[in-house]
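The values are calculated or read from the model by the stated rules, or taken from the named source; none is laboratory data. This structure is a prediction, so every number in the text was calculated from the model and none was measured. Here Cβ is always computed from backbone atoms with ideal geometry, including for glycine, and neighbour counts include all displayed protein chains.
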Amino acid sequence: MEMMWITTVCPICGEVFEFDVPADGYRAWQEGELIQNAMPNLAPEYREMLMSHICPFCWDAMFSDEEEDNEYEYDDYDETGFNPYIGCYDYDC
């Protein structure tokens, strides 16, 4: 099976992610096939990164239930100035 190397940058945290995907599945997705049908063996978090470029860590931070214990609060920023709770940097919010 021919594979394609994918590089994507998360628009939230700026991390670079690289992974390979089946070339025929990628082409089928680009031609309109649903991504879960085109690449059923690719983990859901990688399919999401292909579609939105958002990494699993930022996805979880953005869409976790509010009732869950969240280590971040609205005004908590890490050493880079990023706040996963609201999904932006202190100078961007």
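Observations
- Residues that are free of Cβ contacts under 8 Å to residues at least 24 places away in the same chain and either part of a helix (DSSP H, G or I) or basic (Lys, Arg) (or both) were ranked within the stretch 53-65; the one that is surrounded by the most Cβ atoms within 10 Å (Cβ to Cβ) is 59.
- Selection from the stretch 22-42 of residues that are within 14 Å of residue 1 (Cα to Cα), assigned to a loop (DSSP other than H, G, I, E, B) and not aliphatic (A, V, I, L, M): 41
- If you go through the stretch 51-68 and pick out every residue that is more than 8 Å from the chain's Cα centre (by Cα) and at pLDDT 90 or above, you end up with 1.
- Tally, over the stretch 1-15, of residues that are surrounded by 12 or more Cβ atoms within 10 Å (Cβ to Cβ), free of Cβ contacts under 8 Å to residues at least 60 places away in the same chain and assigned to a loop (DSSP other than H, G, I, E, B): 3
- Residue match in the stretch 71-81 (condition: modelled with pLDDT of 90 or more and either in a strand (DSSP E or B) or surrounded by fewer than 12 Cβ atoms within 10 Å (Cβ to Cβ) (or both)): no
- Condition check for residue 18: touching a Ser or Thr at 6+ places or on another chain (Cβ under 6 Å), surrounded by fewer than 12 Cβ atoms within 10 Å (Cβ to Cβ), charged (D, E, K, R) and modelled with pLDDT of 90 or more: yes
- Single residue of the stretch 1-15 satisfying the filter (within 12 Å of the chain's Cα centre (by Cα) and aliphatic (A, V, I, L, M)) that is modelled with the lowest pLDDT: 12
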